[in-house]
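One structure below.
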């Protein structure tokens, strides 16, 4: 246990030291996917066994005991669309008396896409009429692997290829996520980094990736109340805190209802409610449907929907 805690502490300390201030490029990588985690304020780094861990903490993939697939759609203001899809596959998984095992770890793949079209192009001469329209598309392709070293300690990593296009100009970059998870007496502790890598360069302009260091904790109380908290340090923002809770109510063995609430101090929106999120879902056999409401102040509301299937 001592070595595991030292590992997580060293990982977080080193990553916080690296998380300097300044602006970041490829800001879409900061958009956390999934309606379920979003409803919990994005406090999800210490929640394991879910394919969505491919973003929040790849070490959480080590507890995936059967193939999972998920897809998400986010309809935001001004026609901005955010899509996410991921697949997790355990390698040589089987069940034993003390729970599911993944003898060779778990691999996962994910795709992130933020896009907008119909942006008005303006020329160098002042005029009320646009000279045309253009679009923007941000893509990231991720490949992850997680491994459980002991029943308590897991680690994982993900490599992302980032491809951004703005009108006729494009930029690419490589990013790496690294995380660890340690479980003890009902608690799950996590730590790691997201988006360490090269800077995407549009012509002569290049800003570093939105590097983020995180540490988290979660615990399930009474078999129904899942609580989670994340401490985050983005390179371009002050430290932030994410808090989340999920209540599950089984109506029968085939149907379970889910309610979620969260708060994230990194979400500062002018006007209205800031940082609050609400959500819910329904789990029917191997399928789960989730939604989240994310108020964005004067910018309006964002509604996020996702579906997950276990095979």
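Ordering 290, 207 by the number of other Cβ atoms within 10 Å of each residue's own Cβ, fewest first, gives 207, 290. On full extension of the chain, what length is gained from residue 254 through residue 293, given 0.36 nm per residue of separation minus the C-alpha to C-alpha distance? Separation in residues times 0.36 nm, less the Cα-Cα distance, equals 11.5 nm. The calculated FRET efficiency for the pair residue 170 and residue 305, based on their C-beta separation and a Förster distance of 25 Å, comes to about 0.25. With 0.36 nm allotted per residue and the present C-alpha distance subtracted, the residue 274-residue 185 stretch has 28.6 nm of extension available. Over the range 144-204, the alpha carbon radius of gyration divided by the compact-protein estimate 2.2 N^0.38 Å works out to 1.59. The alpha carbons of the range 211-311 stretch over 45, 30, 25 Å along the principal axes, in descending order. Full extension of the chain between residue 150 and residue 220 yields a length gain of 23.1 nm, computed as 0.36 nm times the residue separation minus the alpha carbon distance. Once the gyration tensor of the Cα atoms in the range 37-80 is diagonalised, the equivalent ellipsoid follows with semi-axes of 24, 13, 7 Å, ordered largest first.
Coordinate-derived values only; no laboratory data. As the structure is a prediction and not an experimental result, all values here were calculated from the model. For neighbour counting, all protein chains shown are included, and Cβ atoms are generated from backbone atoms with ideal geometry for every residue, glycine included.
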